[in-house]
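This is the structure, below, for whatever I ask next.
The values are calculated or read from the model by the stated rules, or taken from the named source; none is laboratory data. These numbers come from a predicted model, not from an experiment. Don't worry about glycine lacking a Cβ; one is built from the backbone with ideal geometry, like all the others, and counts go over all protein chains shown.
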């Protein structure tokens, strides 16, 4: 949904690889930092171990309270993630409904997202219950089984198109 709007499409693969390597490196660094500072037990039990590490950092007695920077970084990343997902959702819905302009969908989609967010997760306790009871089956269904079915369907479709193409070529000569 976003790739058709990329101007230099030849550089996208390189950008994906570099972005993936940088993101993976940052995640590895943060995970190692959490494990080294907090230990495996506290890291595993904490909902936000990076924030806990930020609380514990004390450099030379004057550089303290780095958790505010971690919170600011989280807010910025959440904002950009929501912007990209919101844009992709509006463009995807517009393409599905065969609407040329996605902008008229922005307000209804935003209102629906706000209402759905309040209904889906009313509080943290409900979210924790959802993660403990339902998340695994939900994630497996939407993250593995459905994409696998779509991928298999695409393979079957491509094989049928290739076989039709070869039949037309052999029949025409």
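Consider only pairs whose beta carbons are under 6 Å apart and that are at least six residues apart or on different chains; among these, list those whose first residue lies in segment 94-113 and is free of Cβ contacts under 8 Å to residues at least 12 places away in the same chain and whose second residue is part of a loop (DSSP other than H, G, I, E, B).
94/102
Further question: Only one of these is in a helix (DSSP H, G or I), in contact with a helix residue (DSSP H, G or I) (Cβ under 8 Å, 6 or more places away or on another chain), modelled with pLDDT of 90 or more and surrounded by 14 or more Cβ atoms within 10 Å (Cβ to Cβ): 70, 30. Name it.
Of the residues listed, the single one that is in a helix (DSSP H, G or I), in contact with a helix residue (DSSP H, G or I) (Cβ under 8 Å, 6 or more places away or on another chain), modelled with pLDDT of 90 or more and surrounded by 14 or more Cβ atoms within 10 Å (Cβ to Cβ) is 30.
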